[in-house]
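The values are calculated or read from the model by the stated rules, or taken from the named source; none is laboratory data. The model shown is predicted, which means the values in this text are computed figures rather than measured ones. Cβ: placed from backbone, ideal geometry, glycine included. Neighbour counts: every protein chain shown. Just the protein is used for accessible areas: all its heavy atoms, side chains included, with ligands, DNA and RNA removed. Shrake-Rupley method; radii C 1.70, N 1.55, O 1.52, S 1.80 Å.
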Amino acid sequence: MVKARSAGKPGGGRSLLFFGALLTILGAVFAISCSGRFSSEEPIPTACFLAGGVAWLLAMGLARRGVGDLRVVVAGAVALRLLAWAGDAGLSDDVYRYLWEGEVVIEGTSPYAHPPDDAGDPALARLRHRFPDLHARVNHKEVRAAYPPLSQAASAAVAALCRMLDLAPETAGVRILRALFALCDLLVLWPLAILLDRARSPRALAVVWGWCPLPAIEFAGSGHLDSLGILLLVGALAAGSSDHEPSEKVPAARRGLPAVILLSAGILVKYVPAAALPWITRGRGAFGRAALVLLLCALGFAPFLFLRGSEHGFFSGLEQYALRWDSGNLVHRWIEGTFAALFARDETWTDPRRLARAVSALVWLVLAVGVVRRERDTVRGTCALIGAWLVLSPTLHPWYLCWMLPFLTLRFSAAWSWLVLAAPLLYWPLAGWQREGVWTEPAWLWPVLALPFFALLVREWAARRGVLARPSSPVV
């Protein structure tokens, strides 16, 4: 590894501020984890989330000035995950769906074939009878599985462990799965340290990931599988070739192989890591690396061809999610609103939801072509494509923003830092959803989230092009 450059020994006051920020974040995560069912109608959990976010920004700023040590960052990150894992803020029920789909796989049925409430499959009927409490907690029971095969394999492994130890999946299984994704969350610090060394930046900047309350709550607290996908993506970026590691030292046949394997695994967890494909497969031997990614992804799906119901295909659940889900988005609401004034929601090709998603996808593709042609750096290019996806996506859940945190570690952006800080506000409609089954965003939510974000983003874009005298570091 390349030793990070030191920014000089920090003063005692700054070190105390650094530890003070950690204590504030620990207190905030503890309060959120012990709050029971998170409710926007009670301001204390939201205020704690935001207070922890402000302390995180302080720690980030101090780390950029050379304050902190990687060992302290790791210790603080471990403590945060333990606090989040020990409690249950009740922010999401996705983990129950993961375990349900794992049970479906164990029964030899494809989770892509039947939704949880399908009355026509005997295997699902047996599962509903065997695990009534787990089934009762599964969300959107009319929708088939959308998560890729490696996600299903992780869930099936935990479900199999619960069966072997005679544990209830809806309680012990949830704890095990949350522990697994918390471990993946912590392991992200490893490839991040490699990337920080490569950029000759202080390793203490890993605090951007390690001490942010959002991943601790979303992965150790809620058990979202994104941490595994993020770990594999950042691992692929760290495993890629760099200017500090001449490619002549590696045989041509193996050049880029670890990055390709890790990236393929990441795609099999969640499709987001595919944003790095144009750079991971670029250069000499690009065709072979691209073919290997396709082969590995195909092999990941292959075992599901032998499950009952595989003839129904793999992507119907993903299609339903892409068409139906609409929450917290930044730009999509205005595109769909324009089409809604002209066409009816009638499930035809003129349905405003289809047209808006088609336009968003086209805009993203145009942006992607421009980024791929202009950007040579793998990390910056991948960051730009993921950032553009988040901006254009019809759904912006808080944990989606964790995909940007590794890039914030490597390159500061005030715009994305604001969005991560304000992400807890996206949970504001949760109380109404839990009480009435209706997800209604207050009128103030979009302006509070989006207007500062876009203002900061424009400022960063102007600074990059020399319009402003003081430069900034945009990521999109």
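Counting only protein heavy atoms and a 1.4 Å probe, tell me what percentage of the stretch 350-458's accessible area is made up of carbon and sulfur.
Using a 1.4 Å probe with all protein chains present, the stretch 350-458 comes out at 69 percent carbon and sulfur.
The listed peptides 44-54, 149-159, ordered by packing as a protection proxy, come out as 149-159, 44-54 (highest mean of other Cβ atoms within 10 Å first). Taking amide H positions as modeled 1.01 Å from N, with prolines and chain starts lacking one, no residue 5 or more places away or on another chain lies under 5 Å from TRP439.
Net charge in the neighbourhood of ARG380 (other residues with Cβ under 11 Å of its Cβ; Lys, Arg +1, Asp, Glu -1) is +1.
Order the following by accessible area, largest value first: MET404, MET164. Probe radius 1.4 Å; ligands, DNA and RNA are ignored.
Descending accessible area places them as MET164, MET404.
Under 5 Å from the amide H of THR109 lie the amide H atoms of ARG308, each residue being 5 or more positions distant or on a separate chain, with H modelled from the backbone and absent for Pro and chain starts. Close amide H contacts of THR395 (hydrogens built in the peptide plane, cut-off under 5 Å, sequence separation of 5 or more or a different chain): SER327. For the stretch 142-189, the carbon plus sulfur part of the accessible surface works out to 72%, probe radius 1.4 Å.
Under the convention that each Lys and Arg Cβ holds +1 and each Asp and Glu Cβ holds -1, the size of the dipole of the stretch 342-476 around its Cα centre is about 600 debye.
Distance between the 7 Å Cα→Cβ label points at ALA463 and VAL366: 2.8 nm.
Here TRP418 sits with roughly 70 square angstrom of accessible surface, probe radius 1.4 Å. Residue-wise HN-Hα couplings along the stretch 51-67, as the Karplus relation 6.51 cos²θ - 1.76 cosθ + 1.60 with θ = phi - 60° gives them from phi, are 5, x, x, 5, 4, 4, 4, 5, 4, 4, x, 5, 5, 5, 9, x, 7 Hz; Gly and Pro carry x. Using r as the Cβ-Cβ distance of ARG126 and TRP334, and R0 as 35 Å, what FRET efficiency do you calculate, to the nearest 0.05? It comes to 0.15. In order along the stretch 314-322, the Karplus-derived 3J(HN,Hα) couplings, from 6.51 cos²θ - 1.76 cosθ + 1.60 at θ = phi - 60°, round to 10, 10, 5, x, 5, 5, 5, 4, 5 Hz, and Gly and Pro are given as x. Taking only the C-alpha atoms of the stretch 245-388, the Rg (one decimal) and the largest Cα-Cα distance, Dmax (whole number), read 18.9, 60 Å.
With the gyration tensor restricted to C-alpha atoms of the chain, the semi-axes of the equivalent ellipsoid amount to 33, 27, 25 Å, longest first. Heavy atoms of the protein chains alone define the surface here; on that basis the chain has 44 Å² accessible area per residue at 1.4 Å probe size. Considering helices alone, the calculated mean residue ellipticity of the chain at 222 nm is -18000 deg cm²/dmol, with DSSP H runs of length four and up weighted by -39500 (n - 2.57) and normalised per residue. Sparsely packed loop sites in the stretch 159-224 (the trypsin sites (Lys or Arg not before Pro) outside DSSP H, G, I, E and B with at most 15 other Cβ atoms within 10 Å) comprise ARG200.
Work out which GluC sites (Glu not before Pro) in the chain are exposed loop sites (DSSP not H, G, I, E or B, at most 12 other Cβ within 10 Å) and give the longest gap free of them.
Working: sites that count: GLU41, GLU142, GLU347.
Formally, the longest exposed-site-free interval is 143-346.
Put a plus charge on the Cβ of each Lys and Arg, a minus charge on the Cβ of each Asp and Glu, and nothing anywhere else: the dipole of the chain about its Cα centre is then about 2160 debye. With θ taken as phi - 60° and the Karplus curve 6.51 cos²θ - 1.76 cosθ + 1.60 applied, the whole-hertz 3J(HN,Hα) list for the stretch 398-414 is x, 6, 4, 5, 5, 5, 8, 4, x, 6, 5, 4, 8, 7, 5, 9, 5 Hz, x standing for glycine and proline. Contact order for the stretch 336-476, expressed relative to its length and based on alpha carbon pairs under 8 Å spaced 6+ residues apart, stands at 19 percent. In percent, rounded to a whole number, the relative contact order of the chain is 17, using alpha-carbon pairs under 8 Å and six or more apart. The residue list PRO149, CYS162, VAL188 was ranked by how far each Cα lies along the charge dipole of the stretch 146-201 toward its positive end, using unit charges on Cβ atoms, and VAL188 comes out on top.
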